[in-house]
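Right, one structure below, let's go through it.
The values are calculated or read from the model by the stated rules, or taken from the named source; none is laboratory data. As the structure is a computational prediction, the values presented were derived from the model and not from experiment. When we count neighbours, we look across all protein chains shown, and the Cβ atoms used for this are built from the backbone with ideal geometry, even at glycine.
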Amino acid sequence: MTTTETATEPTLRVYVYVWLGMLAIVAIEAVLVYAHVSSGMLLASLLVLAFLEAAVALRYFMHLRYEVPLLFWTLIPGLLLAFVMMNQFWADAARLNTLRFPIP
Amino acid sequence: MSDSAMTAGSMHGAAMEPSPFLITSRKLTMWLFIVADAATFGAILFGYGYLRFGSPNWTKPFTFSPNIINGLVMTVVLLTSSLTMLCGVAAAREGRSGATMKWLGATILLGVTFAVLHLREWTGMFHEGWSLSKNPMGGSVQVGALFFSITGLHLLHVISGVIAITVIAIGFRARKFTAGHVETTGLYWHFVDLVWMFVFPLLYLLNVR
Amino acid sequence: MTMDSVSASITELPPATPHDHAPPESFLRKYVFSLDHKVIGKQYLGLGLIAVCTGMFLSWVMRYHLAFPDKAVPLIGWIAPTFAAGGVITPEFYLQLMTMHGTIMVFFVLTTAPFAGFGNFVLPIQVGAEDMAFPRFNMMSFWVTFVAFAVLVAAFFVPDGPPLSGWTAYAPLSAVGKSSGPGEGLGQTLWVIAIGIFCIGQLLGSLNFIATTLDLRAKGMTLARLPYSTWAWFITSMIGLIAFSVLLPACVLLLLDRVAGTSFFIPAGLVVSDAIQPHSGGSPLLWQHLFWFFGHPEVYIAIVPGFGIISTILPAVCRKPHLGPKVLIASQLAIAGLSYMVWGHHMFLSGMSPSSATLFSVPTLIITIPSAIITLLWLGTIYGSKLRLNTAALFCLGFVSVFVTGGLSGFFLSQPSIDTYLHGTYFVVGHFHFVMGVAAMFGIFAGTYFWFPKMFGRMMNETLGKWHFALTFIGVYATFMPMHWLGLEGNVRRYSSFPSDYMHGSLPLHRFITYSALFLGASQLIFLVNLIWSRFRGPVAPDNPWEATSLEWSTTSPPPFDNFGGVHPVVYHGPNEYGVSGPRGDYIMQTDPPVAAAPAATA
């Protein structure tokens, strides 16, 4: 059994820092909810923080930072394209409210 | 040098082109599965956004105590389980079997804790009258439907992950599985954690009364 | 990252099991639950053959009824006495037939045969591997797909019969349950479960294809030297990876709507069969979005393997290199990306937001550019070549013809203003049967005539093959071309008959289509006879009957269990070395040793 990539393997200390950082982001999210920001602003900031956490989890916990760049380029842009395209859903979600008969 | 066990039925490494990603097929396949699964969660979360955006009578079911406190504890538990998993992978790489078992055991325990906390919350909501088709607050029935189906899908992933880690841990001790298997399972476990980083803010924090 | 650390990381495992699976002995392990990709590929093709016969039979019943609405359909009263008593086709039964025809054809023929079937058989050999990366996943993939087919066909045998909501299963018709029509009870539930299972099977297959293509390539088989069919299957897998994983949750949500009382796809206040539905707050359009988000990439899952098959066969029959191989691959990659941007063009009539209709129309027009580039590359490859006009070549030419014919009507349909008129008519039926159905079928036929010698070690009969091509080609145009005229006249689709209304005048044309469809179906008997006769009585095939270059032709016909008889092939050339002078003649096989002048090819 050979040890792998010891040169590029982050130490446990890095992982603990990342873990602490993610806990901090979760704390910020929770505080934001009670900070009387508008709902649109809340949604936007929660999404930004969630994507930040996802990026950190991908890069460090899931090790993507230490793989060859091609792996990232193969996996992630296509997925993001799919998600970007799904934003076409919103136009119809908004129309639901204008086309529906008022609820009695 | 042989990597014939790298993939079942493959040939000898010297007779093959290296993978463009320089990782094992097993790990690549786990990555591809994660991409596919991410599309699944993405689609269902977009569906949630669509129906919520289109529901004028959406109701927000959660209060700080107990729901959000519970949710925060669950988040910390799941995040910590990612950390113990990382320690387990590191120990497995160094060939420390005892330490690997200890860390994987901790991960399993945290995973089970998450599932128990989740199910306890579900039961509480069922008692309040929530279900897939009922909203005790009188608003849109989509609230319960979406909450239970999305968290249910995630919970299914947590439970599958706990089972997978258990199997891998037992196999690792019996020297049937290797550090590579532990690492690949870890990849999946971190993904379950990653999905929760979207589910928690979107389903819990945006539904605080 | 240095190469040393890399090779250390991918050789972390002890060589515990040098041969994961030895050649199996028992009948069950050899032919039924086989781990051998060649057997699994044949199983997929067999499943596709059963499915296509079923689907074609259903279309005959529909066509007969359309042409002779007041006559009983022969035999059908005896086959399905509960649904069509005395052979009379009710409008509901017509829709049930249509639903099953579409579902079986799209999922179990156009997806399984060109992608899973040929891909399984050919791809591992073309990259120089002994088997797929994960043979057990591979076996699971087939049997999961088989279970899906069994569950779908089971809908014929439940009391209310199969569903009538079309292969797209539009909500709320598919979501509210029994009250919305015959087959919408248990039949529709079986449909949803079948398609959900099918998604899992194809996801397993896609994972396996990608891992095999990237990781199990023989020495020297760089990505640039992969045969074009392997590229096509690889790109198809990448499309399927995301497409099927979006359809899967959609099916789960639809199932919950049906069995758990949720209302994801059912709006408030919906009245079905005079009863107000106990649902509220859902949106039928959400189902359409999720379905077509899968559905359009699915079109490319059906047709891109055909691109690959044609691009592999054409240079071999033209005896000259394929024009612009890099452009070919780049165009297919562009199609893969664009296929996720255009799904809304299936929904112009659905009440979708008109502004997003524009946003879907533009990428739809753009996606014709890479498609046109690929077609022009084929024409450029054919141009000025010494074409060996065998059956496989004929079907390649036929593929180009029907693909262009179907593609041209796509230009009209991609524009919302024109599509609004044409979408509900036979124009669309003609369009998608040409561009997706028949084109993919021609790809399957070309692949069959081309790889049959490799699969079974015997040649197919060329005379029968040419007759098969000629009659099929005529039958296809006679069947589907008039549908465009019907559509322009305003003949709506999905109606079971037009006995006494404004479309009565179109009845003669409908009859002509029906006769053509029966003729087209009957001419497929030639193919079946050829298939069975050649399997047992055909002349023994040499290793490389087509003088082609890719790796499958450098092993025996049929290949041994481990594909290369214990030898690890080493690749020195690309797949495109035609029209050159080599020791073999006008081509150089990928495994041929490098010629003295050429630089040594080690990646």
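Among the conditions (1) touching a residue at least 40 places away in the same chain (Cβ under 8 Å); (2) buried (at least 21 other Cβ atoms within 10 Å of the Cβ), the only one that C:Ile76 does not satisfy is (1).
Do you know which of the residues in the range C:275-292 that are in a loop (DSSP other than H, G, I, E, B) and touching a helix residue (DSSP H, G or I) at 6+ places or on another chain (Cβ under 9 Å) is surrounded by the most Cβ atoms within 10 Å (Cβ to Cβ)? Among those residues, the one meeting the criterion is C:Gly282. Out of contact with any helix residue (DSSP H, G or I) (no Cβ under 7 Å at 6 or more places or on another chain) and surrounded by 19 or more Cβ atoms within 10 Å (Cβ to Cβ): does that describe B:Ser140? Spelling it out, B:Ser140 is indeed out of contact with any helix residue (DSSP H, G or I) (no Cβ under 7 Å at 6 or more places or on another chain) and surrounded by 19 or more Cβ atoms within 10 Å (Cβ to Cβ). Screening the candidates C:Pro559, C:Pro575, C:Pro569 for the property of being in contact with a Gly (Cβ under 6 Å, 6 or more places away or on another chain), at pLDDT 90 or above, within 30 Å of C:Gly538 (Cα to Cα) and of a type outside the set (Asp, Glu) yields one hit, C:Pro569. Listed conditions (1) in contact (Cβ under 8 Å) with a residue 24 or more places away in the chain; (2) surrounded by fewer than 22 Cβ atoms within 10 Å (Cβ to Cβ); (3) over 22 Å from C:Thr472 (Cα atoms) are all met by C:Thr405, apart from (3). Could you please let me know if C:Trp167 is of a type in the set (Phe, Trp, Tyr), part of a helix (DSSP H, G or I) and under 30 Å from C:Gly351 (Cα atoms)? For C:Trp167, the condition - of a type in the set (Phe, Trp, Tyr), part of a helix (DSSP H, G or I) and under 30 Å from C:Gly351 (Cα atoms) - is not met.
Condition (residue is in contact with a Lys or Arg (Cβ under 9 Å, 6 or more places away or on another chain) and either crowded, with 19+ Cβ neighbours inside 10 Å or modelled with pLDDT under 95 (or both)) applied to the range B:124-137: is it met by at least one residue? Yes, because at least one residue in the range B:124-137 is in contact with a Lys or Arg (Cβ under 9 Å, 6 or more places away or on another chain) and either crowded, with 19+ Cβ neighbours inside 10 Å or modelled with pLDDT under 95 (or both).
The residues listed here are C:Ser237, C:Ser263, C:Ser245; of these, the one that is in a loop (DSSP other than H, G, I, E, B) and either surrounded by 24 or more Cβ atoms within 10 Å (Cβ to Cβ) or not small (Gly, Ala, Ser) (or both) is C:Ser263. Within the range B:60-67, identify whether any single residue is more than 8 Å from chain A (Cβ to nearest Cβ), assigned to a helix (DSSP H, G or I), of a type in the set (D, E, K, R) and surrounded by fewer than 22 Cβ atoms within 10 Å (Cβ to Cβ), and answer yes or no. No; the residues of the range B:60-67 include none that is more than 8 Å from chain A (Cβ to nearest Cβ), assigned to a helix (DSSP H, G or I), of a type in the set (D, E, K, R) and surrounded by fewer than 22 Cβ atoms within 10 Å (Cβ to Cβ). Identify the residue in the range B:49-59 that is part of a helix (DSSP H, G or I) and crowded, with 21+ Cβ neighbours inside 10 Å and, among all such residues, is farthest from the other protein chains (Cβ to nearest Cβ). The residue in question is B:Leu51.
Summed over the range C:446-497, the residues that are of a type in the set (Phe, Trp, Tyr) and within 17 Å of C:Val428 (Cβ to Cβ) give a count of 3.
From the list A:Ala50, A:Ala82, A:Ala27, A:Ala54, the lone residue that is modelled with pLDDT of 95 or more, more than 8 Å from every other protein chain (Cβ to nearest Cβ) and not in a loop (DSSP other than H, G, I, E, B) is A:Ala27. Taking the numbered list (1) part of a helix (DSSP H, G or I); (2) out of contact with any helix residue (DSSP H, G or I) (no Cβ under 9 Å at 6 or more places or on another chain); (3) more than 11 Å from chain C (Cβ to nearest Cβ) in turn, B:Leu109 passes all entries but (2).
So that you can scan it fast, the table gives a plain yes or no per residue for (1) modelled with pLDDT of 95 or more; (2) assigned to a helix (DSSP H, G or I); (3) within 12 Å of chain A (Cβ to nearest Cβ):
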| site | (1), (2), (3) |
| --- | --- |
| B:Val167 | yes, yes, no |
| B:Lys176 | no, no, no |
| B:Gly180 | no, yes, yes |
| B:Tyr188 | yes, yes, yes |
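Every test in (1) touching a Gly at 6+ places or on another chain (Cβ under 6 Å); (2) within 12 Å of chain A (Cβ to nearest Cβ); (3) surrounded by fewer than 22 Cβ atoms within 10 Å (Cβ to Cβ) is passed by C:Phe360 save one, and that test is (3). Might you check whether a residue that is within 14 Å of another protein chain (Cβ to nearest Cβ) and touching a residue at least 60 places away in the same chain (Cβ under 8 Å) occurs anywhere in the range C:365-372? Scanning the range C:365-372, I find no residue that is within 14 Å of another protein chain (Cβ to nearest Cβ) and touching a residue at least 60 places away in the same chain (Cβ under 8 Å), so the answer is no. From the list C:Met341, C:Met352, the lone residue that is buried (at least 18 other Cβ atoms within 10 Å of the Cβ) and either touching an Asp or Glu at 6+ places or on another chain (Cβ under 7 Å) or among the small types (Gly, Ala, Ser) (or both) is C:Met352. Against the list (1) closer than 30 Å to C:Pro354 by Cα; (2) at pLDDT 95 or above; (3) facing chain B (nearest Cβ under 8 Å), the condition A:Ala44 fails is (3). Evaluate the following for A:Pro104: is it at pLDDT below 95, exposed (fewer than 12 other Cβ atoms within 10 Å of the Cβ), closer than 30 Å to C:Pro267 by Cβ and more than 9 Å from chain B (Cβ to nearest Cβ)? In short, yes. Can you confirm whether the range C:471-492 contains a residue that is surrounded by fewer than 16 Cβ atoms within 10 Å (Cβ to Cβ) and outside any helix (DSSP H, G or I)? Yes, some residue in the range C:471-492 is surrounded by fewer than 16 Cβ atoms within 10 Å (Cβ to Cβ) and outside any helix (DSSP H, G or I). Cβ-Cβ distances below 9 Å connect the following pairs, each with a first residue in the range C:28-40 that is basic (Lys, Arg), a second residue that is not in a loop (DSSP other than H, G, I, E, B), and a separation of six or more residues or different chains: C:Lys30/C:Val39; C:Lys38/C:Asn120; C:Lys38/C:Phe121; C:Lys38/C:Pro124; C:Lys38/C:Ile125; C:Lys38/C:Met455. Scanning the range B:68-77 for residues that are more than 10 Å from every other protein chain (Cβ to nearest Cβ), aliphatic (A, V, I, L, M) and either crowded, with 17+ Cβ neighbours inside 10 Å or under 30 Å from A:Leu99 (Cβ atoms) (or both) turns up B:Met74, B:Val77.
A Cβ distance below 9 Å, combined with a sequence gap of six or more or placement on separate chains, defines the contacts here; from the range C:434-449, residues that are in a helix (DSSP H, G or I) reach residues that are acidic (Asp, Glu) and surrounded by fewer than 24 Cβ atoms within 10 Å (Cβ to Cβ) in the pairs C:Tyr449/C:Glu462.
Could you tell me how many of the residues in the range C:293-349 are within 14 Å of another protein chain (Cβ to nearest Cβ), in contact with a Phe, Trp or Tyr (Cβ under 9 Å, 6 or more places away or on another chain) and not in a helix (DSSP H, G or I)? Qualifying residue count, the range C:293-349: 6. For the range C:517-534, check the following and say yes or no: at least one residue is surrounded by 15 or more Cβ atoms within 10 Å (Cβ to Cβ) and of a type in the set (Ser, Thr, Tyr). Within the range C:517-534 (the criterion being surrounded by 15 or more Cβ atoms within 10 Å (Cβ to Cβ) and of a type in the set (Ser, Thr, Tyr)), the answer is yes, since at least one residue qualifies.
Residue-wise test of (1) over 29 Å from C:Val428 (Cβ atoms); (2) within 14 Å of another protein chain (Cβ to nearest Cβ).
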residue: C:Asp70; (1), (2): no, no
residue: C:Ala84; (1), (2): no, no
residue: C:Pro91; (1), (2): no, no
residue: C:Phe121; (1), (2): yes, no
residue: C:Gln126; (1), (2): yes, yes
residue: C:Ala129; (1), (2): yes, yes
residue: C:Arg136; (1), (2): yes, yes
residue: C:Ser141; (1), (2): yes, yes
residue: C:Leu152; (1), (2): no, no
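Taken over the range C:385-400, the criterion of being surrounded by fewer than 19 Cβ atoms within 10 Å (Cβ to Cβ) and small (Gly, Ala, Ser) is satisfied by C:Ser385 alone.
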